Amino acid sequence: MFIDQAQIYLTAGNGGNGGMSFRHEKYVPNGGPDGGNGGRGGDVIIEADSGLRTLLAYKYRKKYKAESGGPGTGGRSAGKAGQDLILKVPSGTVIKDKTTGRVIADLKNDGDRVIAAKGGRGGLGNMNFSTSTRQAPRFAQGGVRGQERTIELELKLLADVGLIGFPNVGKSTFLSRVTKAKPKIANYHFTTITPNLGVVDYKGYSPFVIADIPGIIEGAHEGTGLGLQFLRHIERTKMLVHFVDVSGSEGRDPSADYNAINKELHEYNEKLADRPQIVALNKADLLSDPEEIELIKKEFEDMGVETFVISAATGSGLDKLLSRCTQLLDEIEEPEPLFDLEPEEEVLYTKDFKDEPITVTIENSRDGRVFVVEGDFERLINSVNFDDLDSVGYFQRMLTDRGVFKKLEEMGIQDEELVRLQDIEFEYFK
Ligand SMILES: Nc1nc2c(ncn2[C@@H]2O[C@H](COP(=O)(O)OP(=O)(O)OP(=O)(O)O)[C@@H](O)[C@H]2O)c(=O)[nH]1
Ligand SMILES: [Mg+2]
C-alpha cells in the first residue's frame, strides 16, 4: 500500500493555572501573596525523519495531545511546563491546516520541524496581582487552553527527475531499464496506479532519483484519470522527461499529445509547467522508416523543444538521454516551492475565551426562574475565590468580558433572579 496522506487531530497542552497562595512564616501572620505562575502547555511539534518512508502510522492513530502545564503553587513556585509531543514524519511531508487549507510547513530535510499546535500560556499566580490598594489578591489567572488543530499530512516523493506522458507510452519500461525498480509494465492504459521511484543505476551514470507516475490524460487537472492526484509527487522534481509514443500505435499525434499534457500541467500549476522539460520520443524501434522520425523531431524542434529518440525496449538512445539529464541536474538549482507558506502568527495559536460559545437556558424551580449558563468556565471558576471581594470582582469582570451579563439581560433577567454556572449559583443584581 502506498500511504501518502493522513489527517490527524492535534491538541496542545493547556497552560497551568496560576497559584493562589499566601506566605506563611513563623511570626509573620499576614504574609504577602506568593502563588507562582502556571507552567506553559506542551506544543505538538512535527519533525521530519529521513529514516521514515510512509505516513502509515498516522492512518491508524489519529489523535495526539501534548501534556498540560502544572499549576503554580505557594512560595512563588512556577508550575511545571508541559512536555512537548514530537511526531515524526518522513522527510518530504507537507503539513496543511485542514480548516484553512493553507500550508503550515514543508518539512524537506531530516530534522526540519514545526510547531503544529501551540501550547497555552500558564496563568499568572496571585503574586502578580498585589497593588497598593489590594494587598491580598485572592485570585489568580487561569491558564490559556492549548491550540487545537486538524492537520493534513501529505508526503511528496523527493525525486530529481519526473517522468510524465500519456498512459502506455513507456515510462515504466524506461524506469525499469535504467534503475533497479521493478514497476508493472503492460500494454494497456493506467498500468501504473501509484508512483514508482528508482535510483539510476546504469553504465556508471551518477545516481539520481526518477519518479514514474501514472499516465496523465486530458482533463487531469479537473480530476479525470489518475494523473492529477499524483502530480504532486513530481512537484519537487528539478526537471521532467516528457514521454511520447512515436510509433503511432494508438493512432495518436506525438506533438498534439505533448501540448495536451503541458496544458494540463499548466492548469494544475504554472510553476510546474515551467520546470525544464526534455522530450523522449519513445518506441522508435517500431518505426521502420527513419524519415518518419526526422519529421516528428522537426515538429518538436520548431516548437523549441529538445528531443531524444529512444527505445526503452531495446535501450537505444538511453545514453544520450541520461547524460543530458545529468548535465541539466548539475545546472538547475533547487526548484522554487510551488506554494506559499502560511505566515506563522502568534495570534493564530491562542484560543480566545471570548470566542467560546455561551448558551443560556431558563429553568423553572420552586424559587422561581433559574438562568443556566453553559460554556467553558472551568478555568475561570478554578481561579476564583468566592469568599473574597476582589476575586469576585475579577470574576464579574470576566463574565462581563465574555458577554454573559449582556446575554442574561437580553433574555430578560430581573434583579434577584438566580444564575447558575456549573456548580455556582448567585443572585443577579444589575
Ligand atoms: N516496442 C516498444 N514497446 C515499448 C517501448 N516502451 C514501452 N513499450 C511497451 O509499451 C507498453 C506500455 O509500457 P509501459 O512502460 O507500461 O507504459 P507507461 O507509460 O508506464 O504506461 P502507464 O503506466 O499506463 O501510464 C508495454 O507493452 C511496453 O512493453 C519501446 O520502446 N518499444
Ligand atoms: Mg507505467
Stretch ARG397-GLU218 to full length: gain in nm at 0.36 nm per residue minus the Cα-Cα span? 58.2 nm
Around TYR428, with a cut-off of 15 angstrom between Cβ atoms, what is the net charge of the other residues, counting Lys and Arg +1 and Asp and Glu -1? -4
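Stick to Cα atoms and the Kirkwood definition of Rh, then tell me Rg/Rh for segment 353-427. Don't jump to the answer; show the numbers that get you there.
Working: Rg = 12.1 Å, Rh = 12.8 Å.
Using only Cα positions, Rg/Rh for segment 353-427 is 0.94.
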Tell me, in nm to one decimal, what length is gained between GLU47 and ASP253 on full extension, where the rule is 0.36 nm per residue of separation less the Cα-Cα distance? 69.5 nm
So if I place +1 on the C-beta of Lys and Arg and -1 on the C-beta of Asp and Glu, and nothing else carries charge, what would the dipole magnitude of the chain be about its Cα centre? I want it in debye, nearest 20. 1720
Charge dipole magnitude, Cβ of K and R +1, D and E -1 - segment 353-427, Cα centre, debye nearest 20: 240
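Local charge sum around ILE216 (other residues, Cβ-Cβ under 13 Å, Lys/Arg +1, Asp/Glu -1)? Show your work: numbers first, answer last.
Working: positive: LYS171, ARG232, LYS263; negative: ASP212, GLU218, GLU222, ASP257, GLU264, GLU267.
Net charge around ILE216: -3.
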Percent of Cα-Cα pairs per 20 Å bin, from 0 to the last occupied bin, for the chain, please list those. 21, 35, 22, 17, 5, 0
Just want the answer: with Cβ charges of +1 for Lys and Arg and -1 for Asp and Glu, which residue in ILE413, LEU265, LEU85 is farthest toward the dipole's positive end in the chain? LEU85
Measure of compaction for segment 1-155 (Cα Rg per 2.2 N^0.38 Å): 1.37
Pick out, from SER391, VAL114, HIS233, the residue whose Cα sits farthest towards the positive end of the charge dipole of the chain, with +1 on the Cβ of Lys and Arg and -1 on the Cβ of Asp and Glu. SER391
Write down, largest first, the equivalent ellipsoid semi-axes of segment 152-219 in whole Å, where each equals the square root of 5 times an eigenvalue of the alpha-carbon gyration tensor. 20, 17, 10
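Shape of segment 161-331 from its Cα gyration tensor (a ≥ b ≥ c, root eigenvalues): rounded if a/c is under 1.5, otherwise prolate when a/b > b/c, or oblate?
In terms of gyration-tensor shape, rounded.
Please compare each pair in LYS88/LYS271; LYS171/LYS320; LYS180/LYS263; LYS62/LYS156; LYS184/LYS263 to a cut-off of 22 Å on the Cα-Cα distance and tell me which ones are over it. Could you put the intermediate results ahead of the total?
Details: LYS88/LYS271 29 Å; LYS171/LYS320 17 Å; LYS180/LYS263 32 Å; LYS62/LYS156 20 Å; LYS184/LYS263 27 Å.
Where the Cα-Cα span goes over 22 Å, the pairs concerned are LYS88/LYS271; LYS180/LYS263; LYS184/LYS263.
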Inter-part gap, Cα centre of segment 258-322 to Cα centre of segment 24-90, in whole angstrom, is 56
Considering only DSSP beta bridges with both partners in the chain, what is the antiparallel share in %, to the nearest 5? 55
For segment 161-331, give the share of DSSP beta bridges that are antiparallel, in percent and rounded to the nearest 5; count only bridges with both residues there. 25
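No value in this document is a laboratory result; all are computed from the given coordinates. Remember, predicted model here, so these are calculated numbers, not experimental data. Positions of Cβ are generated from backbone atoms using ideal geometry, with glycine treated the same way; all protein chains shown enter the neighbour counts.
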